[in-house]
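The values are calculated or read from the model by the stated rules, or taken from the named source; none is laboratory data. Model, not experiment: these values are computed from the prediction. Heads up, the Cβs are rebuilt from the backbone with ideal geometry, glycines too, and the neighbour counts pull from every protein chain shown. We work out accessible area using only protein heavy atoms, side chains counted, and drop any ligands, DNA or RNA first. Shrake-Rupley method; radii C 1.70, N 1.55, O 1.52, S 1.80 Å.
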Number of protein chains: 2
Amino acid sequence: MKILMGGEPEAELLQQVRETAPGAEVVTAAEVAAQPDLLREVEIVYGGLRREHWPQAGRLRWLQTMGAGVNGLMTPEVLAHPAVITNASGIHAEPITEHMFGLLLMQTRRLAAAWDQQKECCWNSRALHEGLGMLAGKTLGVLGVGAIGACSARVGQAFGMRVVGLRRSGEPCPHVEQMYTPDTRLEFFAACDVVMNSLPLTEKTRRFMGPPEFAALPPGAIVINTGRGPTIDTEALMESLRAGRLGSALLDVTDPEPLPADHPLWSMEYVIITPHYSGAHPGYNRRAAAIFVDNLRRYVAGEPLRNVVDKREGY
Amino acid sequence: MKILMGGEPEAELLQQVRETAPGAEVVTAAEVAAQPDLLREVEIVYGGLRREHWPQAGRLRWLQTMGAGVNGLMTPEVLAHPAVITNASGIHAEPITEHMFGLLLMQTRRLAAAWDQQKECCWNSRALHEGLGMLAGKTLGVLGVGAIGACSARVGQAFGMRVVGLRRSGEPCPHVEQMYTPDTRLEFFAACDVVMNSLPLTEKTRRFMGPPEFAALPPGAIVINTGRGPTIDTEALMESLRAGRLGSALLDVTDPEPLPADHPLWSMEYVIITPHYSGAHPGYNRRAAAIFVDNLRRYVAGEPLRNVVDKREGY
């Protein structure tokens with residue numbers, strides 16, 4: 001059994017792989033590059049497989065990614081291939097929740113303006129009193145209630161927010177007072193003072209937030225996006241900001257991405273942009289590897305894998 | 001019964017005062033300035049009373065402040081005066097908790113660095129991966145467990161932090177796993193990855209955090225102060241930062257205050273300064289007035305007032 005491991009796998013992980021799947025042979029991306037025939041024998045991939053390698057990987061049965069979103073992976077070659085794909089969903093819940101609340105509080109507490117003052121060695125309290133907002137008492141709308149949304153809901157409630165959610169299944173979730181579905185999306189948006197969007201990108205979520213959704217939001221609402229840029233219609237977002245309706249847009253993901261230097265979003269008022277790193281955190285590789293090793297144990301034992309991606313749904 | 005009300009009281013508040021204390025006469029600071037003799041008849045003050053006016057306010061029985069900290073008020077004249085002092089403690093819990101977590105996440109998620117990139121229209125994710133921190137799994141130490149600390153403890157736990165506290169009484173508090181007292185302060189600091197200091201300034205809390213306390217903190221710890229600047233020995237704090245021991249200092253209050261433009265703190269790495277506005281929030285005046293009106297009802301009914309300041313303890 002050959003396992004292709006991306007990057008330069010650490011000794012500790014290699015040891016865990018050997019213990020979990022005795023007899024397995026680990027090959028690295030560098031070895032595959034030098035000896036392309038190895039691809040034909042690879043049964044498991046941890047990390048990624050280049051698009052042009054899929055047709056040659058005839059024996060591949062399972063690929064475990066290191067990230068959560070798989071929208072970039074779903075090429076026709078991959079959809080046609082029988083291999084199972086699993087992702088690292090779950091390890092991003094805390095860091096992305098922390099990133100979203102960091103962005104939100106940076107906006108409501110005017111911390112970017114305070115940081116600008118600090119660089120001038122300027123102590124001007126009065127200038128920062130204007131435009132402050134408070135989370136307590138507001139309604140938080142969690143858009144896409146997976147691992148991240150469930151974590152954000154818990155924190156939002158602790159801040160004294162009322163939490164509502166939107167998920168395809170409509171199933172309840174702890175800390176979420178009311179759950180909406182895509183069919184009732186306009187009622188959902190009408191209820192939200194703050195939207196935390198962590199939707200995956202699929203054909204159903206592309207431009208999920210367009211002109212009608214922005215029009216449904218209460219004036220002054222704050223939209224945060226840490227999912228995928230194209231789930232929001234950027235033109236509609238900018239239009240709502242320019243019209244003075246949308247209060248603020250806090251974006252870790254954009255469309256397009258990376259955001260070109262001449263894009264108007266960069267310098268719009270009430271916009272904060274962070275370059276797609278909300279899921280990054282110390283220990284990321286270790287936590288992703290733990291999911292792989294657990295799935296490897298299941299694979300060897302013939303048990304169902306966890307975090308299996310529905311290729312047709314795209315997440 | 002004459003009530004001196006600071007600033008320009010709003011019509012709604014005046015109406016509430018008339019309904020709560022029929023027959024009371026409201027005088028404004030402007031009227032007192034024009035007719036100083038009025039001071040002798042004032043029984044209640046809402047807001048503040050200038051230091052030189054205290055000896056003349058012979059009939060003053062009760063003063064309600066609009067803030068929480070009363071350290072600036074405790075002059076010998078005030079200590080000697082029999083009037084009861086009440087404060088607006090409680091209304092700051094949510095905004096200050098939000099401000100503290102905003103500062104904390106701005107630091108751990110590197111949002112100030114991202115903001116600097118944004119101003120250059122620069123998308124550089126890699127540069128922001130270094131130095132990220134995660135709250136989940138860390139220990140939050142709440143220094144001074146009053147209304148603010150209790151609120152911060154709830155939020156910290158929701159973020160997946162272990163929460164410990166330090167309060168004079170040592171009494172337990174929801175969401176606080178272990179409570180320390182001033183006698184065991186070094187054990188408290190040794191346990192803290194993050195310290196949230198909202199101590200009032202009294203003779204017992206002045207320089208509460210000095211060299212031994214900074215030495216007790218684990219390397220890389222983050223100290224947040226929203227209480228009063230002098231509860232921290234600024235030199236000891238800067239020394240610990242320079243030595244690479246203290247990870248970060250996030251300060252809404254400083255010593256001295258306002259911080260002079262040439263103070264080294266302004267430009268030290270790992271320091272974020274906001275100019276003493278963590279308690280400010282929309283609706284502040286209305287919420288402070290609600291405490292005054294409730295206390296006025298109690299005063300008229302002869303019931304004990306709430307939020308009475310212990311003049312000797314100084315908070």
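Determine whether residue A:88 is in contact (Cβ under 8 Å) with a residue 60 or more places away in the chain, crowded, with 20+ Cβ neighbours inside 10 Å and farther than 30 Å from residue A:184 by Cβ.
Yes.
Quick test of your reading of the structure: residue B:292 fulfils all but one of (1) part of a helix (DSSP H, G or I); (2) open to solvent by less than 10 Å² (accessible area, probe 1.4 Å); (3) more than 20 Å from residue B:48 (Cβ to Cβ). Name the failing condition by number.
For residue B:292, the exception is condition (3).
Of the residues in the range B:52-103, how many are within 14 Å of chain A (Cβ to nearest Cβ) and of a type in the set (Asp, Glu)?
2
Do we have any residue at all in the range B:110-124 that's within 14 Å of chain A (Cβ to nearest Cβ), touching a Gly at 6+ places or on another chain (Cβ under 7 Å), outside any loop (DSSP other than H, G, I, E, B) and farther than 19 Å from residue A:160 by Cα?
yes
Which residues, taken from the range A:168-199, are more than 23 Å from residue A:246 (Cβ to Cβ) and either more than 14 Å from chain B (Cβ to nearest Cβ) or under 20 Å from the mean Cα position of the chain (by Cα) (or both)?
Initially, the range A:168-199 is screened for residues more than 23 Å from residue A:246 (Cβ to Cβ), giving A:168-177, A:179, A:181, A:183.
Passing the criteria: A:168, A:169, A:170, A:171, A:172, A:173, A:176, A:177, A:179, A:181, A:183.
Kindly establish whether residue B:264 is touching a Phe, Trp or Tyr at 6+ places or on another chain (Cβ under 7 Å), open to solvent by 30 Å² or more (accessible area, probe 1.4 Å) and not small (Gly, Ala, Ser). Full working, then the answer.
Values: touching a Phe, Trp or Tyr at 6+ places or on another chain (Cβ under 7 Å): no; open to solvent by 30 Å² or more (accessible area, probe 1.4 Å): yes; not small (Gly, Ala, Ser): yes.
Taking the combined requirement at face value, the residue does not satisfy it.
So if I check each of A:241, A:246, A:237, A:250, which one is within 12 Å of chain B (Cβ to nearest Cβ) and touching a residue at least 12 places away in the same chain (Cβ under 8 Å)? Please lay out each step first, then the result.
Working: A:241 fails: within 12 Å of chain B (Cβ to nearest Cβ); A:246 fails: within 12 Å of chain B (Cβ to nearest Cβ); A:237 fails: within 12 Å of chain B (Cβ to nearest Cβ).
Sole residue among the options that is within 12 Å of chain B (Cβ to nearest Cβ) and touching a residue at least 12 places away in the same chain (Cβ under 8 Å): A:250.
Does the range A:110-118 contain any residue that is crowded, with 24+ Cβ neighbours inside 10 Å and more than 26 Å from the chain's Cα centre (by Cα)?
Yes; the residues of the range A:110-118 include at least one that is crowded, with 24+ Cβ neighbours inside 10 Å and more than 26 Å from the chain's Cα centre (by Cα).
Has the range A:255-275 got at least one residue that is among the hydrophobic types (A, V, I, L, M, F, W, C), closer than 20 Å to residue A:106 by Cα, at the interface with chain B (Cβ under 9 Å from one of its Cβ atoms) and touching a residue at least 24 places away in the same chain (Cβ under 8 Å)?
Within the range A:255-275, one or more residues are among the hydrophobic types (A, V, I, L, M, F, W, C), closer than 20 Å to residue A:106 by Cα, at the interface with chain B (Cβ under 9 Å from one of its Cβ atoms) and touching a residue at least 24 places away in the same chain (Cβ under 8 Å).
Quick one: is residue B:72 touching a residue at least 24 places away in the same chain (Cβ under 8 Å) and open to solvent by 10 Å² or more (accessible area, probe 1.4 Å)?
In short, no.
State the number of residues belonging to the range A:279-289 that are more than 8 Å from chain B (Cβ to nearest Cβ), in contact (Cβ under 8 Å) with a residue 12 or more places away in the chain and not aromatic (Phe, Trp, Tyr).
Final tally of qualifying residues: 5.
Answer yes or no: is there a residue in the range A:225-239 that is under 20 Å from the mean Cα position of the chain (by Cα) and among the charged types (D, E, K, R).
Yes, some residue in the range A:225-239 is under 20 Å from the mean Cα position of the chain (by Cα) and among the charged types (D, E, K, R).
Looking at A:26, A:32, which is the one that is out of contact with any Ser or Thr (no Cβ under 7 Å at 6 or more places or on another chain) and not in a helix (DSSP H, G or I)?
The conditions single out A:26.
Here's a check for you: in the range A:45-64, which residue that is over 25 Å from the mean Cα position of the chain (by Cα) and surrounded by fewer than 19 Cβ atoms within 10 Å (Cβ to Cβ) is modelled with the lowest pLDDT?
A:52
Return yes when residue A:250 is of a type in the set (A, V, I, L, M), within 28 Å of residue A:195 (Cα to Cα) and part of a strand (DSSP E or B) and no when it is not.
Taking the combined requirement at face value, the residue satisfies it.
Do the conditions hold for residue B:245, that is, is it modelled with pLDDT of 95 or more and closer than 20 Å to residue B:315 by Cβ?
It is false that residue B:245 is modelled with pLDDT of 95 or more and closer than 20 Å to residue B:315 by Cβ.
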